[in-house]
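All remarks here apply to the structure that follows.
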Amino acid sequence: MNIIDNSTIKINIDGVEFSAKKGSKIIEIADEVGIYIPRFCYHKKLSVAANCRMCLVEIEKSPKLVAACATPVMDGMKIFTNTDKVIDAQRAVMEFLLINHPLDCPICDQGGECELQDLAVGYGCASSRFIEEKRAFEDYDLGPLVATDVTRCILCSRCVRFCAEIAGTEDLGIINRGSNSRIFTFLQQHLQSEISGNVIDLCPVGALTAKPSRFKFRPWELVQNSFISCHDCIGSNLYVHVFRDKIIRIVPKKNDTLNESWISDRDRFSYEGLHDKNDRLNYPMIKKNGKFENVSWNEALNYSAEKLNEIKKTYGPEKIGTVGSSSSTLEELYTLQKLMRTLGSNNIDHRIKQLDFTNQHDFPKFPGANINLDEIENINTVLIIGSDITKEQPIIALKLRKIINNGGQVFTLNPVNFPFTMRITDKIITNPKYFPEILLEILENVRVSSNNENKTINKYKNLTEAFIRSEKSLILLGSYVTTSIDYTKILALSIELTKLTDSKLGILTDGANTAGAWIAGFIPHRIPGMSMSYENEGLNALEMFKAKLHAYILFGIEIEYDCLYANNAINALKNADFVLSFSSFKSKYLLDTADVILPIASSYEISGTFVNISGLPQSFNAVIPHEYEVKQGWVAINDLARKLKQPGFGYNSIEEILKEIKIITDIRSKITWNSINTESLNSEILNEFTLLPTISPYSTDPLVRRALSLQKTYIKNETSIRLNSSTYKKLKTNSNLLVIKNIEKENINKYVMLIDNEIADDTMIIDSKDTIDNTEFMLQCDKLNFEQS
């Protein structure tokens, strides 16, 4: 029996017959078969506006030309894209668009890659009949990232539709009518989205350009290189544009599986951190008589090897520990853990933003997501626990907006009523110490409903029913969970909920390569590819700093910003006999605590592999050379291992390291979440205040922290602690200053207390660039100090 496919039809374009999907637009089919139709307003990822009229085509038996972007194909349709009628219409549209457009191509950043330029040459006239004065508009400030030249705007409305449909911020709109129409911010404020830079790529002319790189290049001078995002757990694909061995801009590389056609502002503008000449390390340094001196690599490595061998011989290898960055490459982390284990130490960890390490043996191959990222938008119901996901993971947030637009539901359990850029079905706002209790109630609700017990569900009814009814559901755990003292408990309960409801689970890990760190064995309880017996496992990061080891090796971290227990860490480093740091940048506490500093290549100067949260490994090559005496991280580790006379470190290329890793373990992995034993977990709820640090998207790593334009978007005028009015009353004080000791025990930080009723009861959110002792998350009221301002 023949099966008739009603979804496929036949159409004819310029005399050639093609098969097409029913309901597709003419321009979509033309693009698929390689027939170019000019356009300005059309974009595959945006809604159809059909306002530029550049894509007009002729259809047989149609009295008028039609817009190819807005006209669906029909069976037997005959379409003509290059008749005299079409060409005349396109020429007329181009003439109208150029009436008021300024002739400033020689100074326009878009010159050379401008869609208006290209189509003017291909479809326009050689001269203009317009002799009247051109209209002009005053430019307005969109913030430190996007520059405007409104007079160049052709009102394609791509940027307006992007803000409304993709970003969800509606920052831009079209005001006035006729020739006075222009793009404007209604409230005259800066762009608020974490993905605002995408309007630069969408703009077909030079009306919106990148402010940090303005007037610094011509497009034909740039060299394009593929790269992988080094700032989050998604692994967004990028194109890095290089001018004279310096990165001048970064744009998205289309990948519908990961980031589609978008990237975050963090990925787009982080390269500016490479331009920080004050903090950049260029030479090996040894501290002599309390001051650092530049030395040769040979001297620095010999001295380091001598000190490490001395400590190993005197105190044993278990008194040496290493802490690395979750944004280091798979190859760097593997090589460093291999060096440590050949020395005889399993004190290896990257989890310096984690407080709870219980039941770590029950974790899968790596903490991540048991779902591919492109499958998220097909989910029906999502529960976000402990995450300001719009800021932390903007690319994931875009996928969640698609769920909402497709009729799905998103629920949140958070300590703050965050201003999400999507419609949230239900919000549960509470102190994080109650997260386990709430999850237990939801679990009980699901059990009752699944067993058809005659019991009324009063609390969290909508969430419970949504998860029970949903065919595809997902739970996402964010940074307020992974940094919690109840991390394992919340994770265990979330796993049980996924098993009861057949849901997926994902942990939004920090850094670009947390999954890779676990796979590489950069953890104290596992070697690459397998687990380790309990008696042989080393100390985790928190235990290492509490144990006050005799030697520490730091790799790619700034302890005062990256560590959740900075106070303990810095005290331990100051009291250690020897501290060796592999770093790209210097910082205050690095200079205070380190004895030897080895300069290593930063992001974009390194080759390597990142593994994202769904287990996808992506390798990349350096896009710019490193300068002076800087070395790639794996090379520096390899050289140190040779000085220590350790076997197995004859690597001549990074490909050799990756090949060795692949022999030991499969780096392309999927994970399965198994139940975690909750009997040993503490169930006591303390009646205390909870202090939570602000999770800034622009403080994730040393490079981002030095990207000046990004930092200008999040400048705080004062160091403050935000709390709601109910919590303030419980403090029983008339003061507006809260005093907390900072890293230096003899000093204090004073925080202005601001009332913010979007914050949960008994919860305080700290906004500060200073480091506090974050192990003291729980604050006793009788231990707080106040002052009058």
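Contact annotation: no residue pair with Cβ atoms under 6 Å, 6 or more positions apart or on different chains, pairs a residue in the stretch 112-139 that is touching a residue at least 24 places away in the same chain (Cβ under 8 Å) with a partner that is of a type in the set (Gly, Ala, Ser) and in a loop (DSSP other than H, G, I, E, B).
Would you pick out the residues in the stretch 288-301 that are modelled with pLDDT of 95 or more and in a loop (DSSP other than H, G, I, E, B)? Once the filter is applied, which keeps residues that are modelled with pLDDT of 95 or more and in a loop (DSSP other than H, G, I, E, B), the stretch 288-301 yields Val295, Ser296. Filtered by the rule that a residue be assigned to a loop (DSSP other than H, G, I, E, B) and under 20 Å from Trp220 (Cβ atoms), the stretch 96-149 gives Leu103, Asp104, Cys108, Asp109, Gln110, Gly111, Gly112, Glu113, Cys114. At pLDDT 90 or above and in a loop (DSSP other than H, G, I, E, B), is that true of Phe418? Yes.
Let's see how each residue does on (1) of a type in the set (Asp, Glu); (2) under 21 Å from Tyr434 (Cβ atoms); (3) free of Cβ contacts under 8 Å to residues at least 40 places away in the same chain:
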residue: Ala492; (1), (2), (3): no, yes, no
residue: Glu496; (1), (2), (3): yes, yes, no
residue: Gly516; (1), (2), (3): no, no, no
residue: Arg526; (1), (2), (3): no, no, yes
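Does Gly633 satisfy being buried (at least 21 other Cβ atoms within 10 Å of the Cβ), touching a helix residue (DSSP H, G or I) at 6+ places or on another chain (Cβ under 6 Å), on the phi > 0 side of the Ramachandran plot and modelled with pLDDT of 95 or more? Spelling it out, it is not the case that Gly633 is buried (at least 21 other Cβ atoms within 10 Å of the Cβ), touching a helix residue (DSSP H, G or I) at 6+ places or on another chain (Cβ under 6 Å), on the phi > 0 side of the Ramachandran plot and modelled with pLDDT of 95 or more. Out of Gly521, Gly511, one residue alone is touching a helix residue (DSSP H, G or I) at 6+ places or on another chain (Cβ under 6 Å) and either in contact (Cβ under 8 Å) with a residue 40 or more places away in the chain or in a helix (DSSP H, G or I) (or both). It is Gly521.
Determine whether Ser304 is assigned by TED's automatic domain parsing to the domain that holds Asp592, closer than 29 Å to Glu655 by Cα and not in a helix (DSSP H, G or I). The answer is no for Ser304. Considering the stretch 344-359, the residues that are surrounded by fewer than 22 Cβ atoms within 10 Å (Cβ to Cβ) and over 25 Å from the mean Cα position of the chain (by Cα) include one that is farthest from Thr514 (Cα to Cα), namely Gly344. Among residues of the stretch 362-399 being among the basic types (Lys, Arg) and farther than 29 Å from Asn677 by Cβ, the one that is surrounded by the most Cβ atoms within 10 Å (Cβ to Cβ) is Lys391.
Taking the conditions (1) in a helix (DSSP H, G or I); (2) surrounded by 17 or more Cβ atoms within 10 Å (Cβ to Cβ) in turn, Ser328 satisfies each one other than (1). Scanning the stretch 306-324 for residues that are among the polar types (S, T, N, Q) and farther than 12 Å from Val579 by Cα turns up Asn309, Thr314.
Scanning the stretch 399-448 for residues that are touching a Lys or Arg at 6+ places or on another chain (Cβ under 6 Å) and under 17 Å from Leu474 (Cα atoms) turns up Ile404, Thr412, Met422.
Do we find a residue being within 28 Å of Val611 (Cβ to Cβ) and over 23 Å from the mean Cα position of the chain (by Cα) anywhere in the stretch 212-235? Yes, the stretch 212-235 contains a residue that is within 28 Å of Val611 (Cβ to Cβ) and over 23 Å from the mean Cα position of the chain (by Cα).
The set of residues in the stretch 636-657 that are crowded, with 20+ Cβ neighbours inside 10 Å and farther than 21 Å from Ala300 by Cα comprises Ile654, Ile657. State whether the residues of the stretch 559-569 include one that is β-branched (Val, Ile, Thr) and surrounded by 24 or more Cβ atoms within 10 Å (Cβ to Cβ). Checked against the condition, which is being β-branched (Val, Ile, Thr) and surrounded by 24 or more Cβ atoms within 10 Å (Cβ to Cβ), the stretch 559-569 yields at least one hit. Among the residues of the stretch 423-440, is there at least one that is surrounded by fewer than 17 Cβ atoms within 10 Å (Cβ to Cβ) and over 27 Å from the mean Cα position of the chain (by Cα)? Checked the stretch 423-440: at least one residue is surrounded by fewer than 17 Cβ atoms within 10 Å (Cβ to Cβ) and over 27 Å from the mean Cα position of the chain (by Cα). I want to confirm something. Restricting to the stretch 106-147 and keeping residues that are of a type in the set (Ser, Thr, Tyr) and surrounded by 12 or more Cβ atoms within 10 Å (Cβ to Cβ), which single residue is farthest from Ala210 (Cα to Cα)? By that ranking, first place goes to Ser128. The condition (being outside the structural domain of Pro419 (by TED's automatic domain parsing), touching a residue at least 24 places away in the same chain (Cβ under 8 Å), out of contact with any helix residue (DSSP H, G or I) (no Cβ under 9 Å at 6 or more places or on another chain) and not hydrophobic (A, V, I, L, M, F, W, C)) is satisfied by just one residue among Thr169, Thr148: Thr148.
Conditions tested, residue by residue: (1) closer than 22 Å to Gly556 by Cβ; (2) modelled with pLDDT of 95 or more; (3) assigned by TED's automatic domain parsing to the domain that holds Leu202; (4) not charged (D, E, K, R).
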{"residue": "Phe215", "(1), (2), (3), (4)": "no, no, yes, yes"}
{"residue": "Gln224", "(1), (2), (3), (4)": "no, yes, yes, yes"}
{"residue": "Val240", "(1), (2), (3), (4)": "yes, yes, yes, yes"}
{"residue": "Phe243", "(1), (2), (3), (4)": "no, yes, yes, yes"}
{"residue": "Ile247", "(1), (2), (3), (4)": "yes, yes, yes, yes"}
{"residue": "Val251", "(1), (2), (3), (4)": "no, yes, yes, yes"}
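The values are calculated or read from the model by the stated rules, or taken from the named source; none is laboratory data. None of these values were measured; they are calculated from a predicted model. Please note: Cβ atoms are built from the backbone with ideal geometry, for glycine as well, and neighbour counts cover all protein chains shown.
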